[in-house]
1. Might you check whether a residue that is touching a residue at least 60 places away in the same chain (Cβ under 8 Å), among the charged types (D, E, K, R) and part of a loop (DSSP other than H, G, I, E, B) occurs anywhere in the stretch 145-156?
2. If you go through the stretch 98-143, how many residues are surrounded by fewer than 20 Cβ atoms within 10 Å (Cβ to Cβ), part of a loop (DSSP other than H, G, I, E, B) and not polar (S, T, N, Q)?
3. Scan 237, 267 and give me the residue that is out of contact with any strand residue (DSSP E or B) (no Cβ under 6 Å at 6 or more places or on another chain) and either surrounded by fewer than 21 Cβ atoms within 10 Å (Cβ to Cβ) or outside any helix (DSSP H, G or I) (or both).
4. Name every residue in the stretch 324-337 that is out of contact with any Lys or Arg (no Cβ under 7 Å at 6 or more places or on another chain), within 25 Å of residue 373 (Cβ to Cβ) and not basic (Lys, Arg), in order of residue number.
5. Of the conditions (1) surrounded by 23 or more Cβ atoms within 10 Å (Cβ to Cβ); (2) under 16 Å from residue 218 (Cα atoms); (3) among the aliphatic types (A, V, I, L, M), residue 290 satisfies every one except a single condition; which number is it?
6. Among the candidates 190, 180, single out the residue that is surrounded by 15 or more Cβ atoms within 10 Å (Cβ to Cβ) and over 17 Å from the mean Cα position of the chain (by Cα).
7. In the set 299, 274, 290, which member is free of Cβ contacts under 8 Å to residues at least 12 places away in the same chain, assigned by TED's automatic domain parsing to the domain that holds residue 324 and not charged (D, E, K, R)?
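The values are calculated or read from the model by the stated rules, or taken from the named source; none is laboratory data. Everything quoted here is computed from the prediction, not taken from an experiment. All Cβ positions, even for glycine, are placed from backbone atoms using ideal geometry, and neighbour counts span all protein chains on display.
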Amino acid sequence: MKIVFVGTGYVGLVSGVCFSEFGFNVTCVDKDKGKIEMLKAGKAPIYEPGLEAMMHANVAAGRLFFSDDLASALDDADVVFIAVGTPSRYDDGYADLSYVFAAAEEIAHSSKKYMLVVTKSTVPAGTGRKISDIIRKANPKLDFDVASNPEFLREGSAIEDFMRPDRVIVGVESDRAKELISDLYRPLKLTNTPILFTSIESSELIKYAANSYLATKIAFINEMADLCESVGANILDVAQGMGLDSRIGRRYLEPGPGFGGSCFPKDTIALAKMAEFAGTRARIVESVVMSNDLRKYRMAEKIFEACGGTLQGKTISILGLTFKPGTDDMRDSASLVIIPELLRLKAHIRVYDPQGMNEARKLLSGDIDWCKNTYETMAGADALVLLTEWNEFMRLDLNKVKKLLKNPMVIDLRNIYKREEMQRAGLTYISIGRPPA
């Protein structure tokens, strides 16, 4: 079976490479000629552990190809996945579907035989119907089906998520489309992966509902962390006590500086707008969006307060810029709010991130030193802020940290360390939702 992916962003590239690992013939198409040349040279435009090695193996095996010519790629193709971006619209926050619709129209003009068109992009309920209308209008004679197959890939563990998923969701309307999708995911059936077939609208909504629910758990535990600080409770105990309830579960109950990334921020906003346009309201999700936005500013305020209520002339060392470890993705990272706020308050910033430095330089400016390693950021700093929980930040030499810092203060926005070990090292330790050391 020959598969084509339109779009070589995070979802399209990872999914295309993984399908080629299943043994399918896959062509990943993108209009960005520079990106295609980079891929042909064996270099991934994103950082994802294991991705480049899998790319190289499947290119060498003759199963994986890259092209900027969609019409040629669709020759003899059986299935085409639309995996282009759906960013939030600037005016109202709803998902911008212009790239999806443009891809659908180009597929219609380029296809010469039956084609199964599958949306991998995260799209609001009802988008599949619009794609069908666009294709039918652009090429009335084309025999085709439209299906929905949302992705549930976590950055930093995307390959594992694709190869061993919790479930596969597919929205289909014809037996022919269902059979084709079943063949695509046959390798996962051998591992007893649940594959749920639904209507197209249900499939489209499942993605938004799942992401918004997880975002709600994060926002909730962050608010509980604030409450813990006010009443003297420990958020780690509270989260554990909640998580032991099988109805709740422990995952996504880790307090921090607020969620970011390519999915949760835009998907929560889009779901709230989807509900509004449908004549209902998603008030819980609306509150989650507001809570998370305020959370990032609250973390800047926390740093400000810890430094005595002034940052004038002070140097703040920050470890971690990406929204999570295991990725170079800076989209909606807490650092993009916290660092500008600290700069506004006249702080001098020293930063380091294992993978996010290049992208961060495009998004942040001002009185910032871009350091080459973890310990370089600390020299002469008035406080060390742990912002992203990269592995290399989890085993710092605390004695060295104390010697390098001008003021021995660590502000841990990920609760990486124990209070006792900080005390033994002679460091003032401030964390999230826990009594101070």
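1. Restricting attention to the stretch 145-156, the residues satisfying the condition of being touching a residue at least 60 places away in the same chain (Cβ under 8 Å) are 149, 151, 153, 155-156.
Still in the list and also among the charged types (D, E, K, R): 151, 155.
Keeping just the survivors that are part of a loop (DSSP other than H, G, I, E, B) gives 151, 155.
Yes, because at least one residue in the stretch 145-156 is touching a residue at least 60 places away in the same chain (Cβ under 8 Å), among the charged types (D, E, K, R) and part of a loop (DSSP other than H, G, I, E, B).
2. 8
3. After applying the criteria, what remains is 237.
4. 325, 326, 327, 328, 329, 330, 333, 335, 336 - these are the residues of the stretch 324-337 that are out of contact with any Lys or Arg (no Cβ under 7 Å at 6 or more places or on another chain), within 25 Å of residue 373 (Cβ to Cβ) and not basic (Lys, Arg).
5. (1)
6. Details: 190 fails: surrounded by 15 or more Cβ atoms within 10 Å (Cβ to Cβ).
Testing whether each residue is surrounded by 15 or more Cβ atoms within 10 Å (Cβ to Cβ) and over 17 Å from the mean Cα position of the chain (by Cα) leaves just 180.
7. Values: 299 fails: free of Cβ contacts under 8 Å to residues at least 12 places away in the same chain; 274 fails: free of Cβ contacts under 8 Å to residues at least 12 places away in the same chain.
Going through 299, 274, 290 in turn, just one is free of Cβ contacts under 8 Å to residues at least 12 places away in the same chain, assigned by TED's automatic domain parsing to the domain that holds residue 324 and not charged (D, E, K, R): 290.
Listed here are the residues, each with its yes/no results for (1) at pLDDT below 95; (2) under 22 Å from residue 394 (Cβ atoms); (3) among the aromatic types (Phe, Trp, Tyr).
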| position | (1), (2), (3) |
| --- | --- |
| 286 | no, no, no |
| 289 | no, no, no |
| 292 | no, no, no |
| 296 | no, no, no |
| 310 | no, no, no |
| 327 | yes, yes, no |
| 360 | no, yes, no |
| 364 | no, no, no |
| 372 | no, yes, no |
